[in-house]
Amino acid sequence: MFSSQSSAQGPTANAPIALSESARMAGSPAIVDFRLDNGLSVVVIPDRRAPVVTHMVWYRNGSADDPPGKSGIAHFLEHLMFKGTKLHPQGQFSETIAELGGQENAFTGNDYTAYFQRVAKEHLGVMMEFEADRMTGLVLTDEIVAPERDVVLEERRMHCDADPGAQLNEAVQAALFTHHPYGAPIIGWSHEIEGLNRTDALDYYQRFYTPENAILIVAGDVEADEVRRLAEANYGKIKPRGAPPQRQRPQEPTPVARRLVTLNDEKVEQPSWQRCYLAPSFRTAQPGEAEALEVLAHLLGGGQTSLLYRALVLDQAIAVVAGAHYMGTALDETRFFLYAMPNPGVTMEALDKAIDGVLARFIADGVDAGALERAKTRLVADAIYAQDSQAMLARWYGSALATGLSMEDIRQWPTRIEAVDPASIIAAARKHLDRRKAVTGHLLPLEESTAA
């Protein structure tokens, strides 16, 4: 269930996605959104190709909303949400989905927590009834909470503590975000997970799991009117609690010093290099700035035709892989990643210098017009191709809305990408690819002197 937002790969992994004009003209059904009287936001994404639906509920809270000293509570509560309610004892929801031949899961990110099911369309009402019930009816006892806390601790040991790459990622994020809660891992720090209890979980549940703080996404073979009727019958009966909770987080001060984090571990067979820059998100950026960063990431590291790959892998032959990724979907300031793996015999210092050289030449020489058009075409095309997955569309709409964007922001994304020009890309690179705003990470085998 644990999901790290930074694990997404590809140029559009975190981009708000919208139907293009050509897709609308080709007859794609219109996406409909509305709000129930109790504040629940609803989005309907029609997809007629198969008689199935994806039903998702997104809550506008994630690991960055964990109270100080209680990191991991959002993710821990995600686990506990499967423990049953007054109306439906533990396991009944999952058993029902299995009997219907459906699928289910949940995930926690920095800014949201989501629960989803994929079933035949005639069972949509059943999914709504179960999900609406656990929005308010969760039952927790110490006998349930304590063993599940041990499950989360074991999950952390397996996926974080035993993985040098994950350990380096945590160290880099902690160094980049010295004040903002994005610096804490989504799963939480072990010593704080150990202290989480039933009261912590219920307090968090009662604060965030309300209709005003939730977004319902239904994608599939459905009509908007039918979704509205079912939503009002199931979710509409939940009483509102007033205004949704305000997510007030301490913000990161402007960084002034370049930072290096190095991890040596005997389990490392392939060294790796990464650099993470503090950058604005789609929500916090100036107009056009996030779109420029999106295109910049694609130009620098969006595949085997990108600048970094051509320079480091093909031309200089000092790396086996190189790329870039912009994590644009975030409520607050976010990350712009560069990554590479050196060829045998290549030092991290040499790789670091070579990457800085590629960036400097790019800023000095400017943007190739043909490469820019290809990048923008690819980004928008990927958005269109993504419509083949109703679950992916539901995730993109949910993540965008949960991080403060609007339906209009999502609809206008392709147009804004197409409007990116060379000057805005170079300006974004000059402003945000500043080593003083970055943390560089080196993952290396255990040093011989240390081993001795």
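The values are calculated or read from the model by the stated rules, or taken from the named source; none is laboratory data. Given the structure is predicted, the values throughout are model-derived calculations rather than measurements. Here the Cβ positions follow ideal geometry from the backbone for every residue, glycine too, while neighbour counts run over all protein chains shown. Ligands, DNA and RNA are excluded from the accessible area calculation, which covers all protein heavy atoms including side chains. Shrake-Rupley method; radii C 1.70, N 1.55, O 1.52, S 1.80 Å.
Using C-alpha pairs below 8 Å separated by at least 6 residues, the relative contact order for region 258-342 is 38 percent. Excluding same-chain neighbours fewer than eight residues apart, the lysines reachable from K237 by a Cα-Cα span under 27 Å are K83, K86, K121.
Full extension of the segment from L446 to S389, taken as 0.36 nm per residue of separation minus the current Cα-Cα distance, would add 16.3 nm. Note on region 348-405: along the principal axes its Cα atoms extend 43, 29, 21 Å, ordered by decreasing extent. Only Cα pairs under 8 Å and 6+ residues apart enter the sum, and on that basis the relative contact order of the chain stands at 24 percent. Accessible area per residue for region 59-100, computed on protein heavy atoms with a 1.4 Å probe, is 39 Å².
Remark: region 310-452 carries 44 Å² of accessible area per residue (probe radius 1.4 Å; ligands, DNA and RNA excluded). Helical runs (DSSP H, four residues minimum) scored at -39500 (n - 2.57) apiece and divided by the length of the chain put the mean residue ellipticity at 222 nm at -12000 deg cm²/dmol. Net charge in the neighbourhood of D65 (other residues with Cβ under 14 Å of its Cβ; Lys, Arg +1, Asp, Glu -1) is -1. In terms of its C-alpha gyration tensor, the chain comes out oblate, because a/c is 1.5 or above while a/b does not outweigh b/c. Rolling a 1.4 Å probe over the protein chains gives T254 an accessible area of about 110 Å². For region 21-137, a/c is not less than 1.5, where a ≥ b ≥ c are the root eigenvalues of the C-alpha gyration tensor, and a/b does not top b/c. That puts it in the oblate class.
The alpha carbon centroids of region 328-392 and region 180-217 are separated by 32 Å.
Compared with the rule-of-thumb size 2.2 N^0.38 Å for a compact globular protein, region 306-452 has a Cα radius of gyration ratio of 1.26.
Volume of the convex hull of region 131-275 (Cα atoms only), normalised per residue: 199 Å³. When peptides 406-417, 118-129 are ranked by their average number of other Cβ atoms within 10 Å per residue, the highest-first order is 118-129, 406-417. Okay, which of region 307-339 sit inside 20 Å, backbone N to the point 7 Å along the Cα-Cβ direction of T254? Only 332-336 pass the distance filter. Scan region 231-297 for GluC sites (Glu not before Pro) in coil per DSSP, keeping those whose Cβ has at most 13 other Cβ atoms within 10 Å, and list them by number. When the GluC sites (Glu not before Pro) of region 231-297 are filtered for loop state and at most 13 Cβ neighbours within 10 Å, E266, E269 remain. Helices in the chain that qualify as membrane-span-like (whole DSSP H runs, Cα extent of at least 20 Å along the helix axis, mean Kyte-Doolittle hydropathy of -0.5 or higher) are 348-365, 369-385. Based on every Cα atom in region 328-381, Rg and the maximum pairwise Cα distance Dmax equal 15.3, 41 Å.
Basic side chains Lys and Arg get +1 at the Cβ, acidic Asp and Glu get -1 at the Cβ, and with that the dipole of the chain about its Cα centre reaches some 960 debye. Taking only protein heavy atoms and a 1.4 Å probe, the accessible area of the chain is 52% carbon and sulfur. Estimated at 0.36 nm per residue, the fully extended path between R247 and A381 surpasses their Cα-Cα distance by 44.8 nm.
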